[in-house]
Structures are given as structure tokens and as C-alpha cells.
Amino acid sequence: MNPCAVLIDHVTVGNILGESPLWLPDISEFLWLDLLGRRVHGYNPCQQRHRIVADGFQENLGCLVRLAGNSVLLMTATGPLRLDPENGLTEVVALPVVAGNGTCFNDGKVAPDGSLWLGTSDVDETRPIGALSRITGNWCEEVDSGFVISNGPAFSPHGNKAYFADSAGRKILQYTLDGSGKPLSRDVFANISEDGGLPDGLTVDSRGQVFSAHWQGHCVTVYGPDGQIRYRIPVPALNVTSCTFGGQDLSTLFVTSASIGTDGDSSTPEGDAFLFACNVKGVNEPVFKFHGD
């Protein structure tokens, strides 16, 4: 047992590819996606209540981010929808970004300045044709490119650093940002060894520590702001995909996983979600300053 994070709850859902967990403080609920199951899940940790928020989508899903007015932006593989988490209704909206030929939208997060950092991946996950973009209002700029699989943008509490998982490259990148949130430079924050799995979704706590889920790694690794490993949180699933903080005091770490790529043993909790009580707190995910609001 890790004294820094103790497993306190387990949501049995068996997602094909669970991803993009998001805490919604106004309704005290975690939302997350089954990308390949094409479904949005919700879980209230106080009531221990799981529900299907929305399903029946005609394409794979990408990520969730907060919008104003208690709604969320749901990126599908090819475009954006506004989702009402209360009733599951969606409507098509517009963003000044498109997935390039042969790519799909994957992970995305909102920076402290209100901009959306959104990644694309190669649909076949073989070619380095994915990119990372920053969207502000009606304007979009490409931050970086050359990725097979884009994952886990996350941001330091003060907004001066951005982190990004180049999953196939087995590294987490760090971008230094100026006072307006624009990227100035790129460095390698951490390299992941062959036996450490692949870096996947990311989140950051209030101390600036970076939490990285590990595909094929059975864990979440916690890095200090200097890129050095502080500790690992064991997770009872092989393919750990993403994580976020939530709960009333933001000290609950919610971790998603995937059943795809495992042996399909129904006696193991592959594809489930896990909640850990931590001795650190996260920060609320910012609201995307969407031009349609």
C-alpha cells in the first residue's frame, strides 16, 4: 500500500478504452469516456452512483473539457459537440481546428489561461502525423507535431509550464509558457523505460507534481516539478489510461483503464475506474473560453 494514495473505491464498468476523466464540481460528479465503446460515463463518489450520461455515438470519442454554464465540450474523433451532462443531449458546435488526413482527435485539456490544448493521433497508430494545437477563441496555432499518439496535456498550477505525453516516443514533454500562455520552448521532462509501459493521460496537483498514467504499466507515476520520480501508485489494471483529481476537497484521484490489449480475463478489473484518497490535492480544471459562449 502506498501511504501517499490509498485505493478507496472501484467502479466496475469494463470500458474498452476508458479515458479523459473530468471532475465537475457543480454537480459533484466525475465524467469520463469509453472511447471505443462510444459512451460517456458519470460517477458521484459521495453517493457511489454510476450512470450512463450519453451513448449511441456514431464514431469513436476523444476527450472532455469543461465549458461555461455547466456544459462540457465532447471531442469525437472528428469534431466537437456540446454535451449537457444533466440530460445527455448534444449539439454540434464549431472550433477553428480540423483533424488532418489520417488523424483523429485524441486527448485535450484546458490551460489556466482558458485556451484548449488539443492533440491528434494517427488513426492506425503507426505514423508520426499527429499534432498538438492551442485554441483560443476563433484562433488556432500548432504548438508541435510529429506524434504517433497524442496524450495528456496538463499544466502547472501557475500556468508557466505545459506537459504533453508523446506516448509512442516514451517521453513526457515540457513546454515553457509566457505570461499569456503561449509556448516559448520545448524540453524533455521525463523518459520512460522499456519496462515502464507507455505514458498516457496526465494531471498535476497543487504542488506542481505531475501524475502520469502508464499504459501496460499497472500504475500512475508521480514526478516532481524537476522531472524526477517521487513515487508510483499501483493500479489493479494493466492498461492505465488517465487520471484526474476531484471530490469535495480535490484530494480524490480518479483513474481510468482499458480492457483492450489485455487477455480478456473477466475476473480482473481491466477497463474499470479506481478512486484513491491522496495526501495531496489537485486543482479544478479550468473552463474553456469557448467562442460560442
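The values are calculated or read from the model by the stated rules, or taken from the named source; none is laboratory data. These figures come from a predicted structure and were not determined experimentally. As a convention, Cβ positions derive from the backbone with ideal geometry for all residues, glycine included, and neighbour counts pool all protein chains shown. Heads up: the accessible areas ignore ligands, DNA and RNA and are worked out on the full protein's heavy atoms, side chains in. Shrake-Rupley method; radii C 1.70, N 1.55, O 1.52, S 1.80 Å.
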When ligands, DNA and RNA are left out and all protein chains stay put, how many square angstrom of accessible area per residue does the range 104-202 have with a 1.4 Å probe? 38 Å²
Using the Karplus curve 6.51 cos²θ - 1.76 cosθ + 1.60 with θ = phi - 60°, what ³J(HN,Hα) values do you get for each residue of the range 171-181, in whole Hz, with x for Gly and Pro? 8, 10, 9, 10, 10, 7, 10, 7, x, 9, x
Given a 1.4 Å probe, how much area per residue of the range 1-57 is accessible, in Å²? 43 Å²
Show me 95-105, 16-26 ranked by packing, highest mean number of other Cβ atoms within 10 Å first. 16-26, 95-105
7 Å from Cα along Cα→Cβ at both ILE8 and ASN160: what's the point-to-point distance in nm? 3.2 nm
Full extension between CYS46 and ILE27 adds, at 0.36 nm per residue less the Cα distance, a length in nm of 5.7 nm
Surrounding net charge for ASN87, when Lys and Arg each add one and Asp and Glu each subtract one, Cβ distance under 14 Å: -3
Ratio of Rg to Rh over the range 201-260 (Cα coordinates, Kirkwood Rh, two decimals): 0.97
Based on the mean of other beta carbon atoms within 10 Å per residue, what is the order of 79-85, 217-223, most packed first? 217-223, 79-85
Relative contact order (percent) for the chain, with alpha-carbon contacts under 8 angstrom and 6 or more residues of separation? 19 percent
Leaving ligands and nucleic acids out of the surface, order ARG134, ARG51 by accessible area at 1.4 Å, largest first. ARG51, ARG134
Name the residue, out of ALA258, ALA213, ALA54, whose mean-square fluctuation peaks in a Gaussian network model built on the chain with Cα pairs under 10 Å. ALA54
Using amide H atoms built 1.01 Å from N in the peptide plane, name the residues 5+ places from THR103, or on other chains, whose amide H lies under 5 Å from its own. VAL123
Pick out which of ALA190, ALA165, ALA94 has the largest mean-square fluctuation in a Gaussian network model of the chain, springs linking Cα atoms closer than 10 Å. ALA94
For semi-axes √(5λ) of the Cα gyration tensor in Å, pick the label among [x] 64, 19, 15; [y] 38, 23, 18; [z] 24, 22, 20 that corresponds to the value derived from the coordinates. [z]
When Lys and Arg each count +1 and Asp and Glu each count -1, what net charge do the other residues less than 12 Å away from LEU132, Cβ to Cβ, add up to? -2
Could you give each residue of the range 230-238 its phi-based ³J(HN,Hα) in whole Hz, using Karplus coefficients 6.51, -1.76, 1.60 with θ = phi - 60°, and x for Gly or Pro? 8, 6, 10, 9, x, 10, x, 8, 6
Taking the Cα centre as origin and putting +1 on Lys and Arg beta-carbons and -1 on Asp and Glu beta-carbons, what dipole magnitude results for the chain, to the nearest 20 debye? 540 debye
³J(HN,Hα) computed for each position of the range 54-71 - Karplus, 6.51 cos²θ - 1.76 cosθ + 1.60, integer Hz, glycine/proline x: 7, 7, x, 5, 8, 8, 5, 9, x, 7, 10, 9, 6, 10, 5, x, 6, 10
Counting only protein heavy atoms and leaving out ligands, DNA and RNA, the solvent-accessible surface of HIS10 at a 1.4 Å probe, in Å² to the nearest 10, equals 80 Å²
Given Cβ charges of +1 for Lys and Arg and -1 for Asp and Glu, the option among CYS278, LEU238, PHE288 whose Cα lies farthest towards the positive end of the dipole of the range 165-293 is PHE288
Taking the chain, the lysine pairs whose C-alpha atoms sit under 22 Å apart (8 or more places apart or on different chains) add up to 11
Roughly how many percent of the accessible protein surface of the chain is carbon and sulfur, given a 1.4 Å probe and a whole-percent answer? 48 percent
Expected unfolding gain across HIS218-ASN284 under the 0.36 nm per residue rule, minus the alpha-carbon gap, is 21.2 nm
